[in-house]
Amino acid sequence: MSKGQQVRKTIQHISNFKKSASSADVYQNVVNHPWAQPLVKALNLPVPLPLKRQQQASEEFLRGKALFGSASTGNKEASPVANAILTTLSHGSAKLFYLKENDSQQDLLSASKTHPLRILTDASQKLSALIYDATSVANPEELTAVYDFYHNNIRRLGDHSRIVVVGLTPSSCKEAAQASAMYALEGFIRSTAKEIGGKAATANLIQLETGAEHLLESPLRYLLSQRAAFITGQAVTLSKVSGSNEKINWRQPLMDKTALVTGASRGIGKAIAETLARDGAKVILLDIEPCKEDLESLARRLGGHAVIADVSDKKGLNKLIKDVQKGSETIDILVNNAGITRDKTLARMDIKRWQSVLDINLSAVQRITEALVDKKVLKVNGRVICISSINGIAGCFGQTNYSTSKAGVIGYVEAMDKVLARRKITINAIAPGFIETQMTQAIPFLSREIGRRINSLSQGGQPEDVAEAVAMFANPASAGLRANTLRVCGQNLVGA
Ligand code: NAD
């Protein structure tokens, strides 16, 4: 086939894809199609590898072969952090390996007696994960151990694989040298994520407060799983909290919990409702009158309860809460998801556009959260998850109203953490990047193509990616995850 014919065939395919799925990633579909392969090769086009996502609740969180390393070589016993990591890993179905480089690696030798940890001998093995305990790195010189581990093994990573580094929060380090080394790991993970994104692989960091290792399982499972397919180049902070060793049924961790999701009739809110219901929660779904039909049909399908209300209606707040309580007297999980955009440059933005976005995206989040807490509808040990945006971190042309509101959400989460901690309620924010929904479908074609491509995974996220992050924060085992802002953006170039 001549190049001209190839180009015409590909254009024909592009228009077919556009007709069949207006919100789909046309470029990704086309370049991964067998028809387009000769042209893709001839023009050396980048081919974003489609992400693998969790299909069923029961899927294992880690498969294949995983390599574990620790900076605490020379110690007789494996550190409590290494033990916590290995205990979590032993709950997955991956075969676990370590590298026996010299006899001083007594900690891993001793750990291999209690955990199914074997020595990796075959250098050609493809690995599904490289996990490293860097908590004992004491200063920048000792970062060489992290370099060695990843430098020697990164080529072994297969497609869709995972890198997770576990470090300490810089604030919990006594010495400045250690705090600096722990902070340095953020730069390490962010660059590594950019280098492995072409394999649809991810790299993330968990920063532990000293003594929080017993809370590692929830974020570690999540970041190693397909549920976190669109999370990369991020640092998650784990705080030390006491008394949260609840026994978890990992297949249905939200059994006996009730969740209220605002803006639940479509897009990200709908995916959140479906995912929380999959994980066992009873769901109460809230949206505005024009969405009634969709909302009620979703509530019926998920065995939940529908509430028609406008989150920004101050006078209707009491009625909103009463209507929620018709579904359930109390709730365990609140997801503040409802949001709107009303874009215009600041000079052209009328007060209505400014006010409506601030009201719905920010003031309503504050009002509803506090009313539910004050009236004790949100239970002790509850979870609040607020949907922000990367535009709240980086700003966006034509979105002063939206970015202001979403930055305010992040500030609200940080400030409310201390207030809600008294009732053992956690609050976290999620900042999605480009997610394929009606909201992003409204963006003009070219800007949309650029928007979904400018991240380390070269593709847009799906509503499920945000929903899985919500489910992780909602998990009873996530008591140590407090005041995080987790970007679900494939490491979008915007703002980081
Ligand atoms: P969407 O427009 O598809 O859905 C928003 C939902 O909120 C709709 O069901 C809508 O009816 C509801 N809603 C709007 N105003 C409401 C009100 N006053 N009271 C009750 N419900 C109301 O948008 P989406 O893409 O699913 O976005 C969901 C959230 O994620 C929003 O907060 C949005 O700002 C945020 N977000 C989305 C993206 C993205 O790429 N799609 C990126 C970053 C952040």
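Segment 287-351 and segment 212-233 have Cα centres lying 30 Å from one another. Across segment 158-165, computed HN-Hα scalar couplings (Karplus, 6.51 cos²θ - 1.76 cosθ + 1.60, θ = phi - 60°) run x, 4, 6, 8, 10, 10, 10, 10 Hz from first to last residue, x flagging Gly and Pro. For the chain, the relative contact order comes to 14 percent (Cα pairs under 8 Å, sequence separation of at least 6). The charge dipole of the chain, taken about its Cα centre with unit charges on the Cβ atoms of Lys, Arg (+1), Asp and Glu (-1) only, comes to about 1200 debye.
Peptides 149-160, 455-466: what's the order by average Cβ count within 10 Å, highest mean first?
The packing order, highest mean first, is 455-466, 149-160.
The label-point distance for Thr73 and Glu59, in a model that sets each label 7 Å from Cα toward Cβ, rounds to 3.6 nm.
Estimated from helices alone, the mean residue ellipticity of the chain at 222 nm is -12000 deg cm²/dmol (sum of -39500 (n - 2.57) over DSSP H runs with n ≥ 4, per residue). Pairs exceeding 29 Å between alpha-carbon atoms, taken from Lys247/Lys322; Lys257/Lys319; Lys240/Lys315; Lys257/Lys344; Lys199/Lys424: Lys247/Lys322; Lys240/Lys315; Lys257/Lys344; Lys199/Lys424. For Ile435, which sequence-distant residues (separation of 5 or more, or a different chain) have an amide H within less than 5 Å of its own amide H, given hydrogens modelled in the peptide plane? Those lying under 5 Å, H to H, from Ile435 are Gly461.
Take the Cβ atoms of His33 and Ser124, set R0 to 22 Å, and the FRET efficiency comes out at 0.10. Here the label points at Gln366 and Lys322, each 7 Å from Cα along the C-beta direction, are separated by 2.7 nm in the simple model. Placing R0 at 45 angstrom, the Cβ-Cβ distance between Asp374 and Asp350 gives a FRET efficiency of 0.85 after rounding to 0.05.
Taking a quarter of the surface of the Cα convex hull of the chain, what do you get in nm²?
Details: hull surface 100.3 nm².
If I average the Cα hull's projected area over directions, I get 25.1 nm².
Once the Cα-Cα distance is subtracted from the 0.36 nm per residue extended length, the Phe397 to Ser180 segment shows a gain of 74.7 nm. Peptides 348-357, 274-283, 225-234 ranked from most to least packed, by the mean per-residue count of other Cβ atoms within 10 Å: 225-234, 274-283, 348-357. Between the residues Val47, Val146, Thr135, the greatest Cα displacement towards the positive end of the dipole of the chain, with unit charges on the Cβ of Lys, Arg, Asp and Glu, is found for Val47.
How big is the gap, in Å, between the Cα center of segment 71-91 and the Cα center of segment 412-470? What the calculation gives is 33 Å, centre to centre.
Read the figures in this text as sums done on the coordinates, not as results from a lab. Being a predicted model, the structure only gives us computed values, none of them experimental. Please note: Cβ atoms are built from the backbone with ideal geometry, for glycine as well, and neighbour counts cover all protein chains shown.
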